[in-house]
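Undergrad: Below is the structure I would like to discuss, written out as structure tokens.
The values are calculated or read from the model by the stated rules, or taken from the named source; none is laboratory data. Owing to the predicted nature of the structure, the values given are computational and were not obtained by experimental measurement. Here Cβ is always computed from backbone atoms with ideal geometry, including for glycine, and neighbour counts include all displayed protein chains.
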Amino acid sequence: MDVWDLVASAARAFPKALRDLPVAPAVEVEHLRTLLHEKFPFDRSIPLDELTADVISMLNAWTLHTTHPRYFGLFNPSVLPAGVVADSLAALFNPQLAKWSSAPLANELERLTLRWCSRKLGFDPDSSVAHFTSGGSEANLSGILAALAFLHPDYLITGLNVGVVRPAVYVSSETHRSFIKIARMTGLGSSAIRNCRCSADLTLDPDTLRRRICEDINEGWKPLVIIGTAGTTSAGAIDPLGELAHLAQSFGAWFHVDGAWGASAMLSPRLGTFLAGIELGDSVTWDAHKWLSVPVGAGMFFCRHPEAVKRAFDISSSYMPAEQTSDFVDPFSTTFQWSRRAIGLKVFMVLAEHGESGMAKMIDQQAGLADQLRLRLRENNWQIVNSTVLPVVCFSHEDIRSGATSAAEIASVIQRRGKVWISEVVLGAGESVLRACITSIHSTADDLDCLISELEFAREHARAEGA
Ligand SMILES: *Cc1c(COP(=O)(O)O)cnc(C)c1O
């Protein structure tokens, strides 16, 4: 069979076939390694159609199907066809986005897309900058680097050894852990990540934070960045962004909003209002590969201080003199990556196909389904423990709280059965609970029924085991 026909028919069949596949693979690492080792000694050539058919069947069997309508897991979405088409075209044409002149169309489509997204955040695209990143971690890194370049320009030359007084980055216990890695990579060191206790609603309380900052200043720290999260990873909590922005301003610190998942809510007129204050961020992280239903990896970084971003990344080499006119910039000299694939193509194609109202509808629909889930859980005596308008539901049960079973045990029974997939998470005060996130635009009320019955089964099962 022609290999392209094979791929096309697999792409056509997969979304429907997916419903009948187990969400989670049953596989032992040793088994898989031995099998692959024996199958692929690379000592002969394999016809591409045969190889492709084999890879497709292996991917079917040994993937946690995050695009499954009953995957209620982390922020890995079901993917819209436009994103799959775009990623395939990006691989086919392989445009190199380091320089503008190597990929005029791909670069301009990214610019168009980012300017539209900037406006959705409440940024002025003419006075701010934006670029695509591999994901939220790189966008968060860009935010910290821009803050250092803005507040401590000497750092770019001397590193943190000279001159800079112990810059501090303020986060909450619910902030994404990528900032720990970033602190290591930038030389700030993980001790610069100043953890602030959350309020009961899992948000960063401005008064607690102000006290923490004052104590730190007395000990010789200097506030560099305050991180506000618009939709925390564990529980979808939205920090009080406006208040945090003002606090940052009063201490002369940078305000970075991590909206990796939640910023997409800005496309919904109803949900967007809950993210008020995001427009006050000096920089913002927004992942398209989470709630915009495009394949990984596609992150976005937005910053209101173009000169800081330029200072952080500006470089030129003899073989690639950076061209920067007022008309265009070369991405390699204004972003972290050098050779780069056309990340933005899939975001452009998804937005262009569905338009603003189509995107808003998908986002509202997922939030609505999470509201239904909360209702169904309560009807079945599960207790909702987080409070958010975003589609992440954290919940517990008397049987868990009394110690008759545990969230981990229930999640593991459910994952093994493979009908649905949810996870366990530890929230602020250390309570371990269950977490279900609506990440697929194809999830339905029937899928919620299946989740509820799996939960009931696992709870009964765990009780019986414990007894
Ligand atoms: C997922 C996530 C990140 C990390 O983004 P990646 O795209 O996985 O690198 C950062 N912050 C938050 C709030 C997230 O949810």
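Undergrad: Looking for something surrounded by 21 or more Cβ atoms within 10 Å (Cβ to Cβ) and in contact with a Lys or Arg (Cβ under 7 Å, 6 or more places away or on another chain) - is there at least one such residue anywhere in region 91-109?
TA: Yes: region 91-109 contains one or more residues that are surrounded by 21 or more Cβ atoms within 10 Å (Cβ to Cβ) and in contact with a Lys or Arg (Cβ under 7 Å, 6 or more places away or on another chain).
Undergrad: Take the conditions part of a helix (DSSP H, G or I), within 19 Å of E279 (Cα to Cα), within 16 Å of the ligand (Cβ to nearest atom) and of a type in the set (G, A, S) and apply them to A183. Does it pass?
TA: No, not satisfied.
Undergrad: Could you say which residue among S264, S283 is at pLDDT 95 or above and either over 18 Å from the mean Cα position of the chain (by Cα) or closer than 22 Å to A168 by Cβ (or both)?
TA: None of the others qualify; the one that does is S283.
Undergrad: Quick check on my filter: what residues within region 137-180 are more than 16 Å from the ligand (Cβ to nearest atom), of a type in the set (S, T, N, Q) and either in contact with a helix residue (DSSP H, G or I) (Cβ under 6 Å, 6 or more places away or on another chain) or within 22 Å of R210 (Cβ to Cβ) (or both)?
TA: The answer is none; no residue qualifies.
Residues are listed down the side, and each one gets a yes or a no for (1) within 23 Å of W286 (Cα to Cα); (2) hydroxyl-bearing (S, T, Y):
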| position | (1), (2) |
| --- | --- |
| V29 | no, no |
| K39 | no, no |
| F42 | no, no |
| P69 | no, no |
| F75 | yes, no |
| A98 | yes, no |
| S102 | no, yes |
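Undergrad: Hey, could you check region 281-298 for residues that are β-branched (V, I, T) and either in a helix (DSSP H, G or I) or within 9 Å of the ligand (Cβ to nearest atom) (or both) and say which is nearest to L121 (Cα to Cα)?
TA: That would be T285.
Undergrad: Working only within region 199-242, note down all residues that are buried (at least 16 other Cβ atoms within 10 Å of the Cβ), touching a residue at least 40 places away in the same chain (Cβ under 8 Å) and more than 16 Å from the ligand (Cβ to nearest atom).
TA: Once the filter is applied, which keeps residues that are buried (at least 16 other Cβ atoms within 10 Å of the Cβ), touching a residue at least 40 places away in the same chain (Cβ under 8 Å) and more than 16 Å from the ligand (Cβ to nearest atom), region 199-242 yields P206, R212, I213, D216, W221, K222, P223, L224.
Undergrad: Quick check on this structure: which one of S440, S402, S357 is crowded, with 21+ Cβ neighbours inside 10 Å and of a type in the set (S, T, N, Q)? Explain how you work it out, then say what you get.
TA: Values: S402 fails: crowded, with 21+ Cβ neighbours inside 10 Å; S357 fails: crowded, with 21+ Cβ neighbours inside 10 Å.
Unique residue meeting the criteria: S440.
Undergrad: So, one more: Could you list all residues from region 141-173 that are β-branched (V, I, T), at pLDDT below 95 and in a helix (DSSP H, G or I)?
TA: The answer is I157, T158.
Undergrad: Need the failing condition index for V257 against (1) away from the ligand (no atom under 16 Å from the Cβ); (2) within 16 Å of the chain's Cα centre (by Cα); (3) of a type in the set (A, V, I, L, M, F, W, C), just the number.
TA: Evaluating V257 over (1) away from the ligand (no atom under 16 Å from the Cβ); (2) within 16 Å of the chain's Cα centre (by Cα); (3) of a type in the set (A, V, I, L, M, F, W, C) leaves (1) as the failure.
Undergrad: Right, another one. Suppose we filter region 366-423 for residues that are within 25 Å of the chain's Cα centre (by Cα), touching a residue at least 12 places away in the same chain (Cβ under 8 Å) and part of a strand (DSSP E or B); how many remain?
TA: The number of residues fulfilling the criteria is 7.
Undergrad: Return yes when L74 is assigned to a loop (DSSP other than H, G, I, E, B), touching a strand residue (DSSP E or B) at 6+ places or on another chain (Cβ under 9 Å) and within 16 Å of the ligand (Cβ to nearest atom) and no when it is not.
TA: On the way: assigned to a loop (DSSP other than H, G, I, E, B): yes; touching a strand residue (DSSP E or B) at 6+ places or on another chain (Cβ under 9 Å): yes; within 16 Å of the ligand (Cβ to nearest atom): yes.
Judged against the criteria, L74 is a match.
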